[in-house]
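Okay, structure first, notes after.
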Amino acid sequence: MTKKATLLLLTFCVIIGACNRENKKAEKIVSEWMGKTIQIPEDIDAYSLNRDTFMSSSNANYKVFLYTDSTGCTSCKLRLQAWKNYIQEADSLFGDEVDFLFYFKPQNEKELQHLILRDKFDPIIYMDRAGKLQELNSFPSEMEYQCFLLDRENKVVSIGNPTLNLKIWELYKQIINE
């Protein structure tokens, strides 16, 4: 076997091994979170572009729940335009059956408010300044696992961020349809 072929085979094995580790990690996170109840404190401040009053609880059968600590590139993590599209689609397909709950622990609240204004993002956003949600729930550190589809009782029925993987959104819609 030539050096080049050996190097190629070794590289392939490393990639396969890394993929297997990532798959096992994902499986572990999913199995750990499925059926778990997300605890949501009532005393987290709410913010919205177009509303002065807010309902603190949701009666929808399903909730798409996103937690973001906004460490690092805030606009990269939030993907507000994609969320606006998902909200529109869910409203047209499911009406009041689905709510979207956005909880942020902002590192830079002014930057977050600027992004909300820039993108004309008008759903209610909850500002978890004290980090109560993370303290109560111990969310995974990877942002792809900080988004959940919850049932009426806030139990996790699916996990994954649809702005990072379109297949997750398709799965969420399928679950809601059933």
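The values are calculated or read from the model by the stated rules, or taken from the named source; none is laboratory data. Note that this is a predicted model, so its numbers are computed, not measured. Here the Cβ is made from the backbone with ideal geometry for all residues, glycine too, and neighbour counts use every protein chain on show. Protein only, heavy atoms only, side chains kept; ligands, DNA and RNA dropped before computing areas. Shrake-Rupley method; radii C 1.70, N 1.55, O 1.52, S 1.80 Å.
Key figures
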read-out: Area of M34 that stays accessible when all protein chains are in place (1.4 Å probe, Å², to 10); value: 80
read-out: Length gained when the stretch D91-E42 is fully extended (0.36 nm per residue, less Cα-Cα span); value: 15.1 nm
read-out: Charge tally in the Cβ shell below 9 Å around V98, where Lys, Arg are +1 and Asp, Glu are -1, V98 excluded; value: -3
read-out: Total charge dipole magnitude, segment 136-178, about the Cα centre, Cβ charges on Lys, Arg, Asp, Glu only, Debye to nearest 20; value: 60
read-out: Neighbourhood charge, 13 Å Cβ-Cβ cut-off, centred on Q39 and excluding it, Lys, Arg +1 and Asp, Glu -1; value: -2
read-out: Solvent-accessible area of R79 with every protein chain in place, 1.4 Å probe, in Å² to the nearest 10; value: 100
read-out: Radius 13 Å from Cβ of N59, net charge of other residues (Lys, Arg +1; Asp, Glu -1); value: -3
read-out: Segment 77-178: C-alpha gyration tensor shape, a/c 1.5 cut-off, then a/b vs b/c; value: oblate
read-out: Residue-by-residue Karplus 3J(HN,Hα) for segment 26-37, coefficients 6.51, -1.76, 1.60, Hz, glycine and proline x; value: 4, 4, 5, 5, 4, 5, 5, 9, 4, x, 6, 8
read-out: Of K63/K167; K28/K155; K28/K105; K105/K167; K120/K167; K24/K173, those spanning more than 21 Å from alpha-carbon to alpha-carbon; value: K28/K105; K105/K167; K120/K167; K24/K173
read-out: Simple label model, 7 Å out from Cα along Cβ direction - E135 to K167, nm; value: 3.8
